[in-house]
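Structure first, then comments.
Just so you know, all these numbers are worked out from the coordinates, no wet-lab data involved. In this text the structure is predicted, and so the values were computed from the model without any measurement. With ideal geometry, Cβ positions are generated from the backbone for all residues, glycine too; neighbour counts draw on all protein chains shown.
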Amino acid sequence: MSPVAGRRYEMTDTRHEAGGTGGSSTRLTPGEIFAIIAFWAFLAVLTAAGRLVDPRVAAVAAMRAMRPDPSGANTLALVEYALWAALTLPIFWMTRRYGGDRPTLKRVLVFLVIGVVLAVSVDALLQVISRQVMTRPMLPPPTAPGLPFPGATFPRRLPPAQPVRGLFSRFSFLYDFIVYVVVLGAGLARNYFVRYQARLEETRRLEAEATELRAEAAELHAQVTDARLNALRTQLNPHFLFNTLNAVSTLVDEDPPGARRMIARLSDLLRHTLGEGDDQEIPLARELEMLRRYLDIMEVRFQDKLEVSIETDASLDDALVPNLVLQPLVENAFRHGLALMQTVGRVAVRVVRDDGDLVLTVRDNGRGPAKEVHEGVGLTNTRARLTQLYGARQRLALTAAEGGGALVEVRLPYHTTPQRRSARNA
């Protein structure tokens, strides 16, 4: 499996785990469990302290429990808060397991029914516990007439236990139901917050992976582009080399000194070309230097039947152009425009700056392009290289020149520093 495919599978699996209900990302941590217990313990201590400081609070609590003894209210408060601390954990589990992402009417009704049942059960249990906790022990009353014997005790009369249906008639369970709603709301809020944090983290991770994938794709595109350019250059250099060697073979018998000069020029040109390395762009001054060496070879080949002119401005020497972009255009002029001419052939190379573009033109006085132009290896490779380097920001056009001959115009963005791949293809 490729690294990209493996990463996509991992992304999908993680997204499924985070999005599903009951995922590990929403489980209570030991720290959260400790915080829940500490919260209820703090409320219990705070309530007990308040009842000790202010007896009226204990009396109110005793009246709420409908018990005559306010001294057991503190114990009952500790029991009540301990009970809710124990119930908070399953309530939080319920919100984590069945809370979902969005509240629905059915889910809300189920939670409310569970809350009513739980509140009635807690209230009934607290009523039973309060009868045991808030009842005073038997104390020997003072001797009084009518006692069966000295030291006898009066049994304390306890109010009758309230049946469960009495809980509904008095609505005494509403306090516990409100506590349940608060705990339920806290659980839902925690559940939504944890899910939001998980999704936010997942989004950041996916964005980071997408950025990494884009960088990998850009790097792969750059490698493919370099491979294509290298392949085009391997097609270009042999094409020029074979034509030059063919011209040398022609001059060996006709002009041996000229053949030797051509071989010397070819040696210099090849040495200079091989020394350029893998640079796809070079300064215009170096490109023109290589072109002049090529033209020296052509002048030996054509003897006195060739006139060459190069027109440019010194301010454009640092402008970057594709390596060996002019040589195939000039060679195309020799091969298709001047090869069969009996008169003097003229080739004019001109480089100018037009606003943000650099315009390179090669003009000859040959027979001109045919109506149906069939581009050879030189023009085809040059067009492909320009497309790979500059995308839609380049243009190569072959037209008939005024007064006869052909005109090849190359337009590319003017720049003096290497451009990034994304900027080239923009």
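Just a few scattered comments:
- Proximity of backbone amide H atoms, modeled 1.01 Å from N, is registered between residue 282 and 321, 323 at under 5 Å, excluding neighbours fewer than 5 places apart on the same chain.
- Around the amide H of residue 345, modelled in the peptide plane, lie the amide H atoms of 306, 307, all under 5 Å away and 5 or more residues distant in sequence or on another chain.
- Mean projection of the Cα convex hull over all viewing directions, computed for region 241-387: 9.6 nm².
- Between the beta carbons of residue 224 and residue 416, assuming R0 = 30 Å, the FRET efficiency works out to 0.70 to the nearest 0.05.
- Distances between every pair of Cα atoms in region 331-411, grouped in 10 Å steps from 0 to the bin holding the largest one, split as 17, 49, 28, 5, 0 percent.
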